[in-house]
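Asker: Handing you this structure, nothing more for now.
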Amino acid sequence: MNGTEKVTVMWSRFGPYHIARLSAAGRYFSSREKKVYGVEIAKEDSAHLWELAGDTSDFDRRTLFTNKNYQNLTSSEIWHAVISVLDELNPSVVAVPGWRFVEARAAVYWCLKNRKICIMMSAINKDDKTIGFWERMAKRLFINCYDGALVGGSTHKNYLESLGFPLERIRDGYDVVDNDYFARSAEEIKNKRNAFIGKMGLSPRNFIVCCRLIPEKNLFSLLDAYAIYRQNVKNAWGLLICGDGPLKNELMNYAVNKKITGVVWAGFVEYKDLPMYYSIADVLILPSISETWGLVVNEAMASGLPVIVSSKCGCSDDLVKDGVNGYKFDPNNATLLADLMRRISTNEDELVRMGKESSRIIKNWSPLRFAESLWHLLQMGKRESSFIEMFVKLTSRVILPLICK
């Protein structure tokens, strides 16, 4: 590809994670005569309580609906807005978030119609229980419309390959965070740790959980494990739970009724305040029974924390090395989790070593990895299609406008 060309990356709304990835891609591509455009559908949505995203000077930002909430938009509004902005920009490459959202399907349609490279960004894996049989079958066919896939990690690679997508056109590095921000903040804040702990009335040492308070996060089992841990460990650590959600009152009542002490409910924490909370914690726990990736694990590791992560989290195979920077566990086994909490909290030397290993491992999973993977897929160009794949593409050009608008 010669000359300055446009690369468009699209999400429903930009949060801090998207800005970090787009900024890295913008810097990486600009030195290679490519310009990155970040297209967000709406400036607000009800699903994420992110503050408005910050510096976007490394890429060109386009917001299609500046005064509407994403959840209040109709499929037709999103479809026509996406087609319109792509007609205006006429990019050579479009990267879209998976296949479920209307904006992704509109972008796929536009790429098929205009013979442009279309890259799927996805962290869906085989353990995603929200996908039914017929959706899996439709997905197996629909992925033939994409020229490349940028996924979370090894489990997601394996899943796409099992659906028939060519392995050489799959790259990881989709699920990354601004490691430098968390590492730098952790270093700046560490001398204030005791002051923060005193102000919040916390234990001197703490486990931390950062997530929405919803069933998938498996927090009742976590509380059971923590209760077992406290019964068996002298000078037990505290448990700091950051997040909000529909189960909040039920979880708090559960802890009271079970007489589980040592739990502090911090509520929703803004992105800018996360480093402070990681600074007063010693180990992150993510006990989910279903989690496509788990970006809080990236954040905690970049902050220098060991991690205890459910084997059902998409990041566990790539980021968690058993006995090296933490542990993986069966989320249905509260006794095992309690034992791992005991083991990690009663060995100071292991704790320090594991924290350093977390920092080392996560360096390979930075926004630069996202940019490099996107570049690699761009360089591969369009896929050569078999007869069946050509049929799927032609059919999709007809069907997509009918089912999405």
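Asker: Go through (1) under 18 Å from Thr335 (Cα atoms); (2) part of a strand (DSSP E or B); (3) not hydroxyl-bearing (Ser, Thr, Tyr) for Ala236 and report which single condition fails.
Answerer: Condition (2) is where Ala236 drops out.
Okay, residues lined up against (1) in contact (Cβ under 8 Å) with a residue 40 or more places away in the chain; (2) closer than 19 Å to Asp317 by Cα; (3) among the β-branched types (Val, Ile, Thr):
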| site | (1), (2), (3) |
| --- | --- |
| Arg343 | no, no, no |
| Asn347 | no, no, no |
| Arg369 | yes, yes, no |
| Arg383 | yes, no, no |
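Asker: Inside the stretch 134-221, counting only strands (runs of 3 or more DSSP E) that do not spill past its ends, which hold 2 or more residues that are assigned by TED's automatic domain parsing to the domain that holds Ala47?
Answerer: Strands (runs of 3 or more DSSP E) meeting the threshold: 148-151, 170-172.
Asker: Looking at the stretch 59-81, which of its residues are buried (at least 18 other Cβ atoms within 10 Å of the Cβ), within 22 Å of Val7 (Cα to Cα) and either without any contact (Cβ under 8 Å) to a residue 60 or more places away in the chain or within 22 Å of the chain's Cα centre (by Cα) (or both)?
Answerer: Phe59, Leu64, Phe65, Ile78, Ala81 - these are the residues of the stretch 59-81 that are buried (at least 18 other Cβ atoms within 10 Å of the Cβ), within 22 Å of Val7 (Cα to Cα) and either without any contact (Cβ under 8 Å) to a residue 60 or more places away in the chain or within 22 Å of the chain's Cα centre (by Cα) (or both).
Asker: Okay, next question. Looking at the stretch 12-53 only, could you name the residues that are surrounded by fewer than 19 Cβ atoms within 10 Å (Cβ to Cβ), outside any helix (DSSP H, G or I) and modelled with pLDDT of 95 or more?
Answerer: Residue satisfying the conditions is Lys35 alone.
Asker: Whether any residue in the stretch 211-221 is over 30 Å from Trp365 (Cα atoms) and not small (Gly, Ala, Ser) is what I want to check.
Answerer: Scanning the stretch 211-221 turns up at least one residue that is over 30 Å from Trp365 (Cα atoms) and not small (Gly, Ala, Ser).
Asker: Among Lys321, Lys328, Lys356, Lys405, which is the only one that is basic (Lys, Arg) and either modelled with pLDDT under 95 or outside the structural domain of Phe207 (by TED's automatic domain parsing) (or both)?
Answerer: Lys405
Asker: Related question: Looking only at the stretch 303-348, filter to residues that are closer than 16 Å to Glu216 by Cα and among the hydrophobic types (A, V, I, L, M, F, W, C); which one of those is farthest from the chain's Cα centre (by Cα)?
Answerer: Per the criteria, the residue is Ala334.
Asker: Hey, another quick one. All but one of (1) farther than 18 Å from Glu187 by Cα; (2) surrounded by 14 or more Cβ atoms within 10 Å (Cβ to Cβ) hold for Asp322, so report the exception by its number.
Answerer: Result: Asp322 fails condition (2) only.
Asker: Looking at Ile308, Ile285, which is the one that is under 16 Å from Leu239 (Cα atoms) and touching a Gly at 6+ places or on another chain (Cβ under 6 Å)?
Answerer: After ruling out the rest, the residue left standing is Ile308.
The values are calculated or read from the model by the stated rules, or taken from the named source; none is laboratory data. What you see is a predicted model, and the numbers here were worked out from it, not measured in a lab. Note that we place each Cβ from the backbone using ideal geometry, even for glycine, and neighbour counts take in every protein chain shown.
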